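These notes are about the structure you will find just below.
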Amino acid sequence: RILLTGALGQIGSELTTTLQHKYGVDNVIATDIRYSDGAFGEDARFETLDIMDGNRLNELVKNNNVDTIIHLAAMLSANAEHHPQRAWEINMTGLMNSLEVAREHDCKFFTPSSIGAFGPSTIKQSTPQITVQRPTSMYGVSKVASELLCDYYYTKYGLDTRGLRFPGLISYLTPPGGGTTDYAVDIYYKAVEEGSYTSFLSAGTYLDMMYMPDAIQATVDLLEADPSRLKNRNAYNVTAMSIEPEMIAAEIKKHIPDFTLSYDVDPVRQGIADSWPDAIDPTAAKEEFGFSPLYDLEKMTKDMLEKVQK
Ligand code: VAH
């Protein structure tokens, strides 16, 4: 059985349903600090779990014969910059609790890292899989520490830890909360609802992005990959496109010609975005577990606008 933490989040809300369809509803236990009646269907296994409560996580894993933990509970970059100490607590103590339970029960373990694990001294174009990682955001500091902690549990205890450095993820099911790349989701909703959007990141702010279906597929492919092929493990660069606000606006205008984009830059999120790479190199992911995204900006925009308009 698979247990997810943070199942009601942007990634979890789609990954949970994908795993239910793939492995059966009874083999997926969704958990989140918030309870949501009927989330993931009436037959779904849903439990409340505060990831700071390691004992409860241990009970859920033991009592349900869980063999895979997907740890998604975390505070994202913008929120983390406003509450750095709380972010460290949730992102690191939460992860340690999850890793310790995985070690106790020898579970396969997945947790996402991020392009946020890189910093201003990292090469911004074709950012290598292995390179300088000196992030200047609390979120990034916690993500580098998470990558190293997951490698430690693999090296020290043989725990089967695996991770992906996600770019900005764009989805329509559950809007993200507290991220720096959220503009790339909000722009689609506002384009449909209001015909205009005011971006909190400036024109020319290039960031790696990926459509959620590609992120979900990459996660499943990595979890199912032959472990003998995995040289990097924690955590693979994955991306589908390097884009900036004007490029999204131009693509939206092909469907909504009168759409207008304006700017009201948020210095905190602009500072975080400026510290991140423009375009990372996903070669290791392609070579080691067949990462192959299907959506580019044109295909993603068409699908996002269709889904948001429904
Ligand atoms: C954030 N969506 O903005 C997350 C992600 C690369 C960005 O880590 O914090």
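The values are calculated or read from the model by the stated rules, or taken from the named source; none is laboratory data. Every value quoted in this text rests on a predicted model; they were computed, and no experiment measured them. Positions of Cβ are backbone-derived with ideal geometry, glycine not excepted, and every protein chain shown enters the neighbour counts.
Total residues in segment 174-203 satisfying the condition of being under 15 Å from the mean Cα position of the chain (by Cα) and on the phi > 0 side of the Ramachandran plot: the figure is 1. If you go through segment 101-125 and pick out every residue that is surrounded by fewer than 23 Cβ atoms within 10 Å (Cβ to Cβ), away from the ligand (no atom under 16 Å from the Cβ), closer than 21 Å to N232 by Cα and over 20 Å from the mean Cα position of the chain (by Cα), you end up with 4.
Scanning segment 189-201 for residues that are within 16 Å of the ligand (Cβ to nearest atom) and out of contact with any Lys or Arg (no Cβ under 9 Å at 6 or more places or on another chain) yields Y189, S199.
Selection of segment 225-259 for residues being assigned to a helix (DSSP H, G or I) and in contact (Cβ under 8 Å) with a residue 24 or more places away in the chain yields P227, R229, P245, E246, M247, I248, A249, E251, I252.
State whether one or more residues within segment 166-174 are closer than 27 Å to T283 by Cα and either assigned to a loop (DSSP other than H, G, I, E, B) or away from the ligand (no atom under 16 Å from the Cβ) (or both). Yes, there is a match, as at least one residue in segment 166-174 is closer than 27 Å to T283 by Cα and either assigned to a loop (DSSP other than H, G, I, E, B) or away from the ligand (no atom under 16 Å from the Cβ) (or both). Residues in segment 282-310 that are aliphatic (A, V, I, L, M) and in a helix (DSSP H, G or I): A284, A285, L297, M300, M304, L305, V308. In summary, strands (runs of 3 or more DSSP E) completely within segment 19-100 and bearing 3 or more residues that are under 15 Å from A7 (Cβ atoms) and in contact (Cβ under 8 Å) with a residue 40 or more places away in the chain occur at 68-71.
Residue-wise test of (1) touching a strand residue (DSSP E or B) at 6+ places or on another chain (Cβ under 7 Å); (2) part of a loop (DSSP other than H, G, I, E, B); (3) under 14 Å from A87 (Cα atoms); (4) modelled with pLDDT under 95.
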site	(1), (2), (3), (4)
S126	yes, no, no, no
I130	no, yes, no, no
R134	no, yes, no, no
G140	no, no, yes, no
K143	yes, no, yes, no
E147	yes, no, no, no
C150	yes, no, no, no
T155	no, no, no, no
L159	yes, yes, no, no
